[in-house]
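All remarks here apply to the structure that follows.
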């Protein structure tokens, strides 16, 4: 105690730093503003600002020959083009469908292993399993896609396995391949939150449920699932949104076009109005999804 | 519910199966790095170490590696600072718009990378900002903030406030309290967040493609461009394998840090 | 436009067609970048373009000093002012270039040169000789596409619509297509219908950025017939694949590529030095042999002869009649790029959208 006081009294940076700190001491609002200033400035100015600039493009046109964008000419041409052409709707449905499919697939795959890790495995095994599940997350995303290409391509591993049975599997031009690769890529993102959520379910609840006469299936359905649901939703944020916007996986393992492809293709051809207009779709979808997810408690389970 | 033996066996089988699924492509990758065939024929006609030699001789690879590490380090530093500030604000104070902060922070990660990438790219071009490692870092820092934020918020929620109050009662000002009481308690959360953010930045490709200058390549950008050259495919395999092997290190570190917490990092 | 070439700025960023800036990392004997870097101190970094429109957009980003562009990018870039005229007096190798390549519509504006020629070539029909019988026309990928269900390899770009239009020139002459890039609505719709028919047979796609995929697909037997560049054919033959490629009887689309400099190039001196370098006998000779295109000067031809005998003949560098049924890539324009005010054609935006619809469906 006595040794501490002199240390505090002679804190480094006497003068200005101490004066600021003392001034802040009684002013929670000022502290708050100071804390929030930098992150908010960054996010609002840098991030939201650039988003706004992009979305402004949706209201401009581009010259068909030179391809240059005519800024500030205020038109809805890009939106008209998107609404008039069915293909944009087809692509949107295809992408959303794939996002849902991947989410469900990953949930189904993640649950058994997460449950095993959380409730069945010994503590030592659990630690090992966490490391084992985390490791593929660290392997590069592109590397994993690349590995899948070598598996799926003609004369690749998959056809080598299936040919003796006379079956042909999906190749690198099949939309089924993107389902497999997406599910693979985001699986650890689903396993971890579910695992954390299952860990938090107190054993006493499960025992109580058994004591009250519930069979395993009922306990699972009526006790475990509701408790783990927010974690499931948290995991789904990643599987859903990451699938929704990706364009590299469809490009590399299928020939199908997804929302991300339309945005990327149009921007690489210089057609920013259409790219920006179409971007509004995934933005709205993700924002709505996030709002629902937050309401379901997912943000606390991330 | 004490799981029945049947259920336990079933779960164990499922776990092995899913782990196999998770690791199969990585194992194939490992084999391919030694595959004699330049076009990744399977089964491998023969094995060779030639591709390792080619990888070592390629000057673009170490340059890309250095760029990736530099970008990740700086981006993570920025993200840690901004994320911690935001976390402390949200956790310690009650204010209007508090719930929106976490929403705002998660947007850069949740929105499609292609949108973030194009948005940043057109903004940089509009304001004549030259593309360089710095523009890459800006993009990376933006979506890494939420990682730091989540980890710190989770930790702050569990840290008791009494030591901080005691410190204030003893006459310590805000800075000292932060530095000597709060920070040590957050240290492992910061490290966990830093590790995960580092992985995210190191691995990111889509936003990077849009914010990198013509002459700057990170490892993922290099991989993507190399995948487009027919003769570079085997070298890509080698680089990929090396990356996977090196990723053991940070995971091991992450586990040592989190120690008792089984799910150490929070996504 | 430069008045004199000063000191190299130490850096050069190029938009290229894949294979146009080799530094020996693919094959040590094909390297025209390292000698350039050593001589001028300009370190080269290059980005391949998926197709011409993408290439034009890359240049427009301001990140590049110039690049190699085909006619359907050069016309747009020149019109938009994204590229600068070239002071050819400063380039001593320009004098050697074949006269027939100078001051063409695709590389000049109002009699002012806007770039230096790199090479030209046709888009070819390629097939796997083990699986597919010898072809002489384009029918294999149009009328007979059904024979190769799921095994077609098609260029992934709206520019490919011109190939469909070209086929119509031979098979539906009453449509009156005279230029596969300038189409009336009726001709355009017929071309799209032809493509829809082809797409129903599940083609696989490649582009200037993903041509590797075509090579691996052919090597693996995933695709057995399609359109290609000589570059891929060369790679496949080198790896021992059984393929053959021809310019079919109806003629084909093609390209004549030009090195151009960006108006706002950050490193103009290096770019000028590069342009001069790429017209030199060694550089142009190596580059055109590597890619499989026609060299641009007699000197380059002679040099090419030493690394690949007969190259100039095989690529028809001086055989002008060969190029008569090759339609260089051009941009579709609403005014049909002719002097006749009465005619209107489908514009490029419609081409892009039509391709998006075809690919996205």
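The values are calculated or read from the model by the stated rules, or taken from the named source; none is laboratory data. Treat the numbers as computed from the prediction; the structure is a model and nothing was measured. In this analysis, Cβ positions are derived from the backbone assuming ideal geometry, glycine residues included, and neighbour counts consider all displayed protein chains.
The conditions are (1) modelled with pLDDT under 90; (2) farther than 30 Å from residue A:31 by Cβ; (3) surrounded by 15 or more Cβ atoms within 10 Å (Cβ to Cβ), and residue B:59 fails exactly one of them. Which is it?
Among (1) modelled with pLDDT under 90; (2) farther than 30 Å from residue A:31 by Cβ; (3) surrounded by 15 or more Cβ atoms within 10 Å (Cβ to Cβ), the lone unmet condition for residue B:59 is (3).
Quick one: would you say residue C:344 is part of a helix (DSSP H, G or I), over 27 Å from residue C:117 (Cα atoms) and within 14 Å of chain A (Cβ to nearest Cβ)? I'd like the intermediate steps shown before the answer.
Values: part of a helix (DSSP H, G or I): no; over 27 Å from residue C:117 (Cα atoms): yes; within 14 Å of chain A (Cβ to nearest Cβ): yes.
Against the criterion (part of a helix (DSSP H, G or I), over 27 Å from residue C:117 (Cα atoms) and within 14 Å of chain A (Cβ to nearest Cβ)), residue C:344 does not qualify.
For the condition closer than 30 Å to residue C:205 by Cα, buried (at least 17 other Cβ atoms within 10 Å of the Cβ), in contact with a helix residue (DSSP H, G or I) (Cβ under 6 Å, 6 or more places away or on another chain) and at pLDDT 85 or above, what is the one hit in A:195, A:182?
Numbers: A:195 fails: closer than 30 Å to residue C:205 by Cα.
Just a single option satisfies the conditions, and that option is A:182.
Among residues belonging to the stretch C:218-235 that are touching a helix residue (DSSP H, G or I) at 6+ places or on another chain (Cβ under 7 Å) and within 13 Å of chain A (Cβ to nearest Cβ), point out the one that is farthest from residue C:247 (Cα to Cα).
Restricting to residues being touching a helix residue (DSSP H, G or I) at 6+ places or on another chain (Cβ under 7 Å) and within 13 Å of chain A (Cβ to nearest Cβ), the top hit is C:219.
How about the stretch C:92-123: which of its residues are surrounded by 15 or more Cβ atoms within 10 Å (Cβ to Cβ), free of Cβ contacts under 8 Å to residues at least 60 places away in the same chain and outside any strand (DSSP E or B)? Give the steps one after another, and end with the answer.
First pass over the stretch C:92-123, keeping only residues surrounded by 15 or more Cβ atoms within 10 Å (Cβ to Cβ): C:93-94, C:96-98, C:101-102, C:104, C:106-109, C:113-123.
Applying the additional criterion that residues be free of Cβ contacts under 8 Å to residues at least 60 places away in the same chain yields C:102, C:108-109, C:113.
Within the stretch C:92-123, just C:102 meets the criteria.
Say whether the condition of being in contact (Cβ under 8 Å) with a residue 40 or more places away in the chain, out of contact with any strand residue (DSSP E or B) (no Cβ under 8 Å at 6 or more places or on another chain), surrounded by fewer than 20 Cβ atoms within 10 Å (Cβ to Cβ) and part of a loop (DSSP other than H, G, I, E, B) is met by at least one residue in the stretch C:147-168.
Yes: one or more hits.
What are the residues in the stretch A:119-149 that are touching a residue at least 24 places away in the same chain (Cβ under 8 Å), more than 8 Å from chain B (Cβ to nearest Cβ) and more than 25 Å from residue B:197 (Cα to Cα), if any?
Result: A:149, single match.
Quick check on the stretch A:150-166. Is at least one of its residues modelled with pLDDT of 85 or more, facing another protein chain (nearest Cβ under 9 Å), crowded, with 24+ Cβ neighbours inside 10 Å and part of a helix (DSSP H, G or I)?
Yes, some residue in the stretch A:150-166 is modelled with pLDDT of 85 or more, facing another protein chain (nearest Cβ under 9 Å), crowded, with 24+ Cβ neighbours inside 10 Å and part of a helix (DSSP H, G or I).
Would you check which residues across the stretch A:225-280 are within 30 Å of residue A:195 (Cα to Cα) and either in contact with a strand residue (DSSP E or B) (Cβ under 9 Å, 6 or more places away or on another chain) or not in a helix (DSSP H, G or I) (or both) and list them?
A:246, A:247
Just need a number here: residues in the stretch B:89-101 that are crowded, with 21+ Cβ neighbours inside 10 Å and touching a residue at least 24 places away in the same chain (Cβ under 8 Å). Walk me through it before giving the result.
Just the residues of the stretch B:89-101 that are crowded, with 21+ Cβ neighbours inside 10 Å, to begin with: B:89-90.
The next check asks that each one be touching a residue at least 24 places away in the same chain (Cβ under 8 Å); those that pass are B:90.
Residues that pass the stated criteria total 1.
Do you know which residues across the stretch A:121-131 are part of a helix (DSSP H, G or I) and surrounded by fewer than 17 Cβ atoms within 10 Å (Cβ to Cβ)? If you could, list the steps in order and put the result at the bottom.
Initial filter on the stretch A:121-131 (part of a helix (DSSP H, G or I)): A:123-131.
A:123, A:124, A:125, A:128, A:131 - these are the residues of the stretch A:121-131 that are part of a helix (DSSP H, G or I) and surrounded by fewer than 17 Cβ atoms within 10 Å (Cβ to Cβ).
Within the stretch A:52-69, how many residues are out of contact with any strand residue (DSSP E or B) (no Cβ under 7 Å at 6 or more places or on another chain) and touching a residue at least 60 places away in the same chain (Cβ under 8 Å)? Explain how you work it out, then say what you get.
As a first pass, look at the stretch A:52-69 and keep what is out of contact with any strand residue (DSSP E or B) (no Cβ under 7 Å at 6 or more places or on another chain): A:52-56, A:58-59, A:64-67.
Adding the requirement that they be touching a residue at least 60 places away in the same chain (Cβ under 8 Å) leaves A:54-56, A:58-59, A:67.
Total satisfying the criteria: 6.
How many residues does the stretch A:252-288 hold that are more than 7 Å from chain B (Cβ to nearest Cβ), surrounded by 24 or more Cβ atoms within 10 Å (Cβ to Cβ) and under 19 Å from the mean Cα position of the chain (by Cα)?
2
Exactly one condition in (1) at pLDDT 90 or above; (2) buried (at least 24 other Cβ atoms within 10 Å of the Cβ) is not met by residue C:18; state its number.
Every condition holds for residue C:18 apart from (1).
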